[in-house]
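The next block holds one structure in the form of structure tokens; read it before the comments.
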Amino acid sequence: MNTQTFAQDWIDAWNSHDMDKILSHYTEDIEITTPMIRIATGVDSDSLKGKPLVAEYWSKALERIPDLHFKLIDVANGVDSVALYYESVMNKKAIEVMFLNAEGKVYKMMAHYH
């Protein structure tokens, strides 16, 4: 798998705001962990599991931030994983560590911000 291509496709999907394109990178049982869940939803959790819950959360985020635009800074390769470093929302820099299955789909993601 070419992780640079994966990373750019991921960024392009988010910048398109097309939920089908965004979700195409993930497995049905995707688990995401990010402090943004608590901030954006007010729920007492930092994780969501399953495409339906994740899609609902991301759809609400895209509604709240209609001008969302990510800019890829760098990509780091790991064992069955990739870390994307990018300019995110609210003037934050983000690092997302994504764990990939054999088909190159993300089954677990952890986001970090500064």
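When only residues in region 16-40 that are assigned to a helix (DSSP H, G or I) and touching a helix residue (DSSP H, G or I) at 6+ places or on another chain (Cβ under 7 Å) count, which is nearest to M110 (Cα to Cα)?
Only one residue tops the list, namely I37.
Any residue at all in region 42-54 that is open to solvent by 30 Å² or more (accessible area, probe 1.4 Å), over 22 Å from E28 (Cβ atoms), modelled with pLDDT of 90 or more and of a type in the set (D, E)?
no
Looking at D74, D67 in this structure, which one is within 16 Å of W10 (Cβ to Cβ), over 14 Å from the mean Cα position of the chain (by Cα) and charged (D, E, K, R)?
Just one listed residue meets the conditions, D74.
If you take the residues of region 55-114 that are assigned to a loop (DSSP other than H, G, I, E, B) and either in contact with a Pro (Cβ under 6 Å, 6 or more places away or on another chain) or of a type in the set (S, T, N, Q) (or both), which of them is modelled with the lowest pLDDT?
Step by step, filter region 55-114, then rank; the result is N91.
Please identify the pairs in which a residue from region 18-29 that is closer than 18 Å to P66 by Cβ and of a type outside the set (D, E) has its Cβ atom under 9 Å from the Cβ atom of a residue that is in a loop (DSSP other than H, G, I, E, B) and open to solvent by 80 Å² or more (accessible area, probe 1.4 Å), counting only partners at least 6 apart or on another chain.
Close Cβ pairs satisfying both conditions: none exist.
N77 is checked against (1) touching a residue at least 12 places away in the same chain (Cβ under 8 Å); (2) touching a Leu at 6+ places or on another chain (Cβ under 9 Å); (3) over 20 Å from Y113 (Cβ atoms) and fails just one. What number does that condition carry?
(2)
Collect the residues in region 1-15 that are of a type in the set (S, T, N, Q) and either part of a helix (DSSP H, G or I) or surrounded by 15 or more Cβ atoms within 10 Å (Cβ to Cβ) (or both), keeping them in residue-number order.
Across region 1-15, the qualifying residues are T3, Q4, T5, Q8, N15.
I'm trying to understand the selection: among the residues of region 18-39, which are closer than 20 Å to V97 by Cβ and hydrophobic (A, V, I, L, M, F, W, C)?
I22, L23, I30, I32, M36, I37, I39
The values are calculated or read from the model by the stated rules, or taken from the named source; none is laboratory data. Here the structure is a predicted model, which means the values were calculated and not measured. Neighbour counts are summed over all protein chains in view; Cβ atoms, including those assigned to glycine, are modelled from backbone coordinates with ideal geometry. These area figures cover heavy atoms from the full protein model, side chains too; ligands, DNA and RNA do not enter into them. Shrake-Rupley method; radii C 1.70, N 1.55, O 1.52, S 1.80 Å.
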